[in-house]
Amino acid sequence: MFKPGGRLHARASLYSERVSERPDHLTLSAHRDSVMARMFDAFDWASHPFGTPDKWPPQLRGAFTLLIDAAFPAAMWLGPELNLFYNDAYVPVLGPRHPDAFGRPGREIWGELWPVIGPQFAQVVKTRRGMSIENQRLIMTRHGYDEETFWDYTFSPLTDAQGNVAGVLNQASDVSEREFQARNHRGIIALDNALIAADDADTILATALRTIGETLDADRAGYGEIDASGKALDVLHCWARGDLPAVGGRHAVGQFGITEDLAAGRTVVIDDPRLDPRTSGPDVMALIEQGGIGAGVLVPVIERGRYAAEVFIHSAKSRAWRPHDVDFAETATQRLHHALVRARAENRLRDSEERYRLIFEQANDIIFTADLDQVITDANAAGARALGIPREEIIGRNIADFVNATDHAQTTAMLRQKIEQGGHTRHEVGVIRPDGRQVRWENDSTLVVDRDGFPMGLLSISRDVTEQRAFEERRELLIHELNHRVKNTLSLVQALAHQSFRGREESTVFAARLRALAGAHDLLTQEHWEGVSMAEVARGAVQAFPAGRVVIEGGPGLALQPKQAIAITMALHELATNATKYGALSNDSGRVALAWTAKHGRFRLCWDETGGPPVKVPDHNGFGLRMIERALASDLSGSVTMQFEESGLSCTIDAPLPDGGR
């Protein structure tokens, strides 16, 4: 137990007394360059229960010598009130409390720590056994605000000659930086583990901001992004605890007066906004007080040279942000931003892949992918239905398994062409289904390349054209069969006419008309009865006449429907027959000019004869001219103008353009 005695009085002013006038003192300053040694020598030990140092037991005198000599923070707590004496290295521990703390009761000096260290002192005194404390968390108030610290220290009992505990020797080491670095390390590991598991922006923000806030013992942490205009900060998420509310929404950039630092990529650290010249103005302070901000750290995020986002960390009270706090905030912000970028990119990729998969699966076209060895790597549902086997049985098989040797050589040649020349190829290929059925596919194949442009595989989109090709073959057969039967019918009609007509001339004219009609049918058959051009009709109608006598001057390209083509063919035949008998083709010098024009949705076909015998207006129109007028009016919905000039016949056919001119 402590030896009872009078109250200890210690004043820093005693430091100025002359040691030489105190012969009863244990003089330490005479041989040591120590401020605390001189303060020790100047202390009024006569008023202390221990008396003057020359009467102390050797243990106590040795402890004082050890205390003064120690290079690390050390202190002695003496007497019933545990009055504090310390060495030079202990001065930074006290901060502004030095030098008034020298010799004063410990409870008065470290009132905020006494709930922790008081019971530890009591245990040492009671048990007379020392103790060693590691990583003790102590909240110290040394500079006007609470400061979290961590300490390794020992308490050793000091005994007098009778064996009573006269005091406690305390050796201490500030391990705050070690603990803070370890805490930062644990925080970063926890953050990384959490971010790896997070796959969306909301989870990443919630996890990261909570970890940042708790690791730094802050009251609020948030993340915001600068909008495209650079004038607004959109807070996407905010973590808060205690009485400090979370913030969100849109806020004006620059309202706190620190945008220039953030835009330059510099972290802003504010221990006390009232004392910081950047924030101490009345307008800014009003906003800070409204937000309940006692201290803050703002870490900018720079993207492509632009201030794009920030993490803000707030404390409700003023505090000193240490370098390790700032390091952690910057590292965590970087991790948070990278995780956001990754998650957003992965979400975009998933969305893209989902859209691709939906298109791939729901497309009616047959879609396959294959590698450069033509091994199938994927197939859509339409492809599986087209082959009649499950998708799983298609993947991994070579294209050669589904085509014959000739077609496989063709697909291989097409692949080589795409690799050498790029682009895509289109061709038709015969496919052999596993059930033995043979089908035809029209295939459009594209080379798939990586980001560097190197070939990776093939994308093939096909359509089953088996029924279409079969239909086309049947149609071709029917057209040829119809044409054959029409010719047989015309031959039969011609034979009947030959037997029936009394005169040879009538039979010859009729046969010529049948031949013209047959020629028109042949021309239409060649085009599968899908229409024929005006130029082809004109050439076919005059091909039997001597070269150079009928000049086709031509005109714009016009596609005639079958009914129109036959009508114009017959009209030109009658005109040519009439010109041969009575007009420009009845002598050796006459000529015929054939031309057509198209305008305003109509076309005009002009037959102009020159150089023949003088022309007279006939007393009546023969069968040929009547057929021209009536047939064209019916089949072309047009009109015919016949002008019998002395220089030659001129015939103009005016009718709507086929298909309205399309």
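The values are calculated or read from the model by the stated rules, or taken from the named source; none is laboratory data. Every value quoted in this text rests on a predicted model; they were computed, and no experiment measured them. Every residue, glycine as well, gets a Cβ built from its backbone with ideal geometry; the counts of neighbours run over all protein chains shown.
Conditions (1) over 21 Å from residue 165 (Cβ atoms); (2) of a type in the set (Ser, Thr, Tyr), marked per residue:
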site	(1), (2)
52	no, yes
55	no, no
64	no, no
103	no, no
107	no, no
112	yes, no
148	yes, no
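Evaluate the following for residue 565: is it farther than 19 Å from residue 538 by Cβ, in a helix (DSSP H, G or I) and of a type outside the set (Asp, Glu)?
The answer is no for residue 565.
All but one of (1) outside any strand (DSSP E or B); (2) surrounded by 16 or more Cβ atoms within 10 Å (Cβ to Cβ); (3) more than 60 Å from the chain's Cα centre (by Cα) hold for residue 129; which doesn't?
(2)
In the set 301, 269, 297, 235, which member is assigned by TED's automatic domain parsing to the domain that holds residue 200, under 29 Å from residue 201 (Cα atoms) and touching a Lys or Arg at 6+ places or on another chain (Cβ under 8 Å)? Show your work before the answer.
Values: 301 fails: touching a Lys or Arg at 6+ places or on another chain (Cβ under 8 Å); 269 fails: touching a Lys or Arg at 6+ places or on another chain (Cβ under 8 Å); 297 fails: touching a Lys or Arg at 6+ places or on another chain (Cβ under 8 Å).
Unique residue meeting the criteria: 235.
What's the number of the only condition in (1) hydrophobic (A, V, I, L, M, F, W, C); (2) part of a loop (DSSP other than H, G, I, E, B); (3) surrounded by 13 or more Cβ atoms within 10 Å (Cβ to Cβ) that residue 89 fails to meet?
All conditions are met except number (2).
What do you reckon, is residue 617 loosely packed, with under 13 Cβ neighbours inside 10 Å, more than 19 Å from residue 532 (Cβ to Cβ) and among the aliphatic types (A, V, I, L, M)?
yes
I need a count of the residues in segment 215-232 that are without any contact (Cβ under 8 Å) to a residue 40 or more places away in the chain and surrounded by fewer than 15 Cβ atoms within 10 Å (Cβ to Cβ).
Adding up the residues that qualify gives 4.
Does residue 144 count as in a loop (DSSP other than H, G, I, E, B), outside the structural domain of residue 274 (by TED's automatic domain parsing) and closer than 28 Å to residue 118 by Cβ?
Values: in a loop (DSSP other than H, G, I, E, B): yes; outside the structural domain of residue 274 (by TED's automatic domain parsing): yes; closer than 28 Å to residue 118 by Cβ: yes.
The answer is yes for residue 144.
Kindly indicate whether residue 132 is in contact (Cβ under 8 Å) with a residue 40 or more places away in the chain, among the hydroxyl-bearing types (Ser, Thr, Tyr) and in contact with an Asp or Glu (Cβ under 9 Å, 6 or more places away or on another chain).
Criteria not met by residue 132.
Filter segment 275-297 down to residues that are of a type outside the set (Asp, Glu) and either within 13 Å of residue 244 (Cα to Cα) or touching a residue at least 24 places away in the same chain (Cβ under 8 Å) (or both), then give me how many there are.
12
Within segment 170-184, take every residue that is more than 30 Å from residue 63 (Cα to Cα) and in contact with a helix residue (DSSP H, G or I) (Cβ under 9 Å, 6 or more places away or on another chain) and give me the one that is surrounded by the most Cβ atoms within 10 Å (Cβ to Cβ).
Selected residue: 180.
To keep it simple, each residue is scored yes or no on (1) surrounded by fewer than 17 Cβ atoms within 10 Å (Cβ to Cβ); (2) in contact with an Asp or Glu (Cβ under 8 Å, 6 or more places away or on another chain); (3) under 29 Å from residue 656 (Cα atoms); (4) in the same structural domain as residue 645 (by TED's automatic domain parsing).
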| site | (1), (2), (3), (4) |
| --- | --- |
| 571 | no, no, yes, yes |
| 575 | no, no, yes, yes |
| 579 | no, yes, yes, yes |
| 583 | no, yes, yes, yes |
| 589 | yes, no, no, yes |
| 593 | yes, yes, yes, yes |
| 600 | yes, no, yes, yes |
| 606 | no, no, yes, yes |
| 611 | yes, no, no, yes |
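Please go through segment 342-392 and give me each residue that is in contact (Cβ under 8 Å) with a residue 12 or more places away in the chain, in a helix (DSSP H, G or I) and acidic (Asp, Glu), ordered by number.
Correct list: 346, 361.
Of everything in segment 320-345 that's at pLDDT below 90 and of a type in the set (Lys, Arg), which residue is farthest from residue 225 (Cα to Cα)?
Once the filter is applied, the top-ranked residue is 322.
Listed residues 84, 78, 94; which is touching a Phe, Trp or Tyr at 6+ places or on another chain (Cβ under 7 Å), assigned by TED's automatic domain parsing to the domain that holds residue 121 and at pLDDT 90 or above?
84
How many residues does segment 407-422 contain that are surrounded by fewer than 15 Cβ atoms within 10 Å (Cβ to Cβ) and touching a residue at least 24 places away in the same chain (Cβ under 8 Å)?
Residues in segment 407-422 being surrounded by fewer than 15 Cβ atoms within 10 Å (Cβ to Cβ) and touching a residue at least 24 places away in the same chain (Cβ under 8 Å): 3 in total.
Is it the case, given these coordinates, that residue 67 is in contact with a strand residue (DSSP E or B) (Cβ under 7 Å, 6 or more places away or on another chain), assigned to a helix (DSSP H, G or I), in the same structural domain as residue 161 (by TED's automatic domain parsing) and buried (at least 20 other Cβ atoms within 10 Å of the Cβ)?
Answer is yes for this residue.
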